[in-house]
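Novice: Sending over a structure as structure tokens; questions will come in a sec.
The values are calculated or read from the model by the stated rules, or taken from the named source; none is laboratory data. Here the structure is a predicted model, which means the values were calculated and not measured. Here the Cβ is made from the backbone with ideal geometry for all residues, glycine too, and neighbour counts use every protein chain on show. Ligands, DNA and RNA are excluded from the accessible area calculation, which covers all protein heavy atoms including side chains. Shrake-Rupley method; radii C 1.70, N 1.55, O 1.52, S 1.80 Å.
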Amino acid sequence: MDIISTEFLNNTAQSWLVALMMAGVALAVLYGFKRFAASWLSTLVKRTESGWGDAFADLLTRTHSLFLFIIAFFIGSLFLTMPETLRRSVFSVMTISLLVQGGLWLNGLILFLLQRDAQRRREKDPASVMTVNAMGFVGRFVLWIVVLLLVLENLEVDVTALIAGLGVGG
């Protein structure tokens, strides 16, 4: 009996090897892109003074390794035959990780904009810095509430009552 044609969970060993190789290649490409982008941004930041290069570099550092691993796992899973329920579960994990990573990126962008605005306001009106920081806290809080609701919706939890409760309570 040929080992490569041995089936495990409705996939041959060859299918598993292809999926594993594709996941490995995807992970290497993602990490390589992250390193290339970080290197490119570091040289760009030295040439510009707008601060946006710093913001993008910060967002890049906020890209979690687990997120890259989940993307690679998802790409590898596309090469396997799976029951529809398992395929939906893998897609759900990918979607949730994308939502959380998107929340981390937007949170970092909000923090960058707040720090930039606070530096300008500190010179002209120091009292308004506290107000802007409080508004930033509220904005970040709303961001994570939206991310949480989207994650729950992705997990097929009925969030209409939660949204209605937020409307009444908020």
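Novice: Considering only the range 1-54, state which residues are over 16 Å from residue 77 (Cα atoms), touching a residue at least 24 places away in the same chain (Cβ under 8 Å) and open to solvent by 60 Å² or more (accessible area, probe 1.4 Å).
Specialist: 31, 54
Novice: Only one of these conditions is not met by residue 155: (1) open to solvent by less than 80 Å² (accessible area, probe 1.4 Å); (2) over 30 Å from residue 12 (Cβ atoms). Which number is it?
Specialist: (1)
Novice: Any idea which of 88, 116, 121 is assigned to a helix (DSSP H, G or I), farther than 24 Å from residue 29 by Cα and in contact (Cβ under 8 Å) with a residue 40 or more places away in the chain?
Specialist: 116
Novice: May I pose another question? Specify which of the listed residues (100, 93) is in a helix (DSSP H, G or I), closer than 25 Å to residue 16 by Cβ, open to solvent by 50 Å² or more (accessible area, probe 1.4 Å) and of a type in the set (A, V, I, L, M).
Specialist: 93
Novice: Now for a separate question. Based on this model, can you work out whether residue 79 counts as more than 29 Å from residue 111 (Cα to Cα) and either modelled with pLDDT under 85 or out of contact with any Ser or Thr (no Cβ under 6 Å at 6 or more places or on another chain) (or both)?
Specialist: The answer is yes for residue 79.
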